[in-house]
Amino acid sequence: MDLSVALYIVPTPIGNLGDISSRAIEVLNQVSLIACEDTRHSGKLLSHFGIETRKTALHDHNERDRAQWIIQKLGNGEAVALISDAGTPLISDPGYHLVKQVREAGFNVIPLPGPCAAITALSASGLPSDRFTFEGFLPSKEKARFDKLTALKDDPRTLIFYESPHRIVHSLESLVEALGADREIVMAREVTKTFETFLSGPAGEVLQTVKDDPNQQRGEIVLMCHGHRSDEESEFSPTVINTLKLLCEELPLKKAAAVAGQIYDIKKNALYKHGLSIGL
């Protein structure tokens, strides 16, 4: 494959090295220069695949200045790749200013598809995926974090956040306070890695599980929240809906609705109609 002169946006694995594409390896081998968020970190990945292309550091602190130097390389007829420490560049990672300046300078920017923790986690979450918003990392300060979540309280879309292990308990506490203990959430941890786990249920229950199990406070975390439901949609709590879904794995919807209705003292016909409306 002969590469045209362009900036290539190349996703890299978020945990499982087998997730890198053959096209990504080919591009990284053929470009003249790879811009890395951390050259030492990426050096291990590149070495694993036998890629010896020259590297340069491009991170939050030097991106604006480094962009002009990379544009000069493009002007000299060199193809350049951009990678982050893991996943798709620019998604809560450096690269926005570089891409913007490269496009303004008249050069092509060519994206490759590949790993992204937010999308990978969402696809397995069981939350609505037809409409969602990615909000990156929540603020580290308690008030700013609470204000951010409060501003999103009435958003009907699925909310997606990244979170670090040392802040996950604080963020879950803020989420419960701002969105309510009954808000349905999913916490995906160490996606594609050996100890990948998905915790789901009402926010208050997930918070307690994470508090009780220190292992859930380790690794990379994607936090996803069901969007705001209208009064009509909120007729049943997440616990009731989760029970109905579990029952439907073994029973027809009509029977599952009858059993769930008996458990929670809810009219089975109403549960049956709701089950049909959400595709059970």
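The values are calculated or read from the model by the stated rules, or taken from the named source; none is laboratory data. Note that the structure is a prediction, hence the values are computed from the model and not measured. Using ideal geometry, Cβ is built from the backbone for each residue, glycine included, and neighbour counts are taken over all protein chains shown. With ligands, DNA and RNA removed, areas are computed over all heavy atoms of the protein, side chains included. Shrake-Rupley method; radii C 1.70, N 1.55, O 1.52, S 1.80 Å.
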Residues being part of a loop (DSSP other than H, G, I, E, B) and either touching a residue at least 60 places away in the same chain (Cβ under 8 Å) or under 20 Å from residue 245 (Cα atoms) (or both) - total across the stretch 197-219: 0
Single condition residue 28 does not satisfy, out of (1) surrounded by 13 or more Cβ atoms within 10 Å (Cβ to Cβ); (2) over 29 Å from residue 189 (Cβ atoms); (3) out of contact with any Asp or Glu (no Cβ under 9 Å at 6 or more places or on another chain); (4) in contact (Cβ under 8 Å) with a residue 40 or more places away in the chain: (2)
Condition met for residue 157 (open to solvent by 70 Å² or more (accessible area, probe 1.4 Å) and outside the structural domain of residue 204 (by the TED database)): no
Set 122, 127, 175, 138: member being more than 30 Å from residue 17 (Cβ to Cβ), surrounded by 19 or more Cβ atoms within 10 Å (Cβ to Cβ) and of a type in the set (A, V, I, L, M, F, W, C): 175
Residue identified as part of a loop (DSSP other than H, G, I, E, B) and closer than 18 Å to residue 10 by Cβ among 115, 139: 115
Residue within the stretch 149-165 that is part of a helix (DSSP H, G or I), at pLDDT 95 or above and hydrophobic (A, V, I, L, M, F, W, C) present: yes
Residue 125, sole failed condition from (1) of a type outside the set (Val, Ile, Thr); (2) under 26 Å from residue 63 (Cα atoms); (3) not assigned by the TED database to the domain that holds residue 16: (2)
Criterion (of a type outside the set (Asp, Glu), in a loop (DSSP other than H, G, I, E, B), in contact with a strand residue (DSSP E or B) (Cβ under 8 Å, 6 or more places away or on another chain) and surrounded by 15 or more Cβ atoms within 10 Å (Cβ to Cβ)) met by exactly one of 222, 191: 191
Count - residues of the stretch 1-13 that are of a type in the set (A, V, I, L, M) and open to solvent by less than 30 Å² (accessible area, probe 1.4 Å): 4
Residue in the stretch 32-44 that is touching a residue at least 60 places away in the same chain (Cβ under 8 Å), open to solvent by less than 40 Å² (accessible area, probe 1.4 Å) and touching a Phe, Trp or Tyr at 6+ places or on another chain (Cβ under 7 Å) present: no
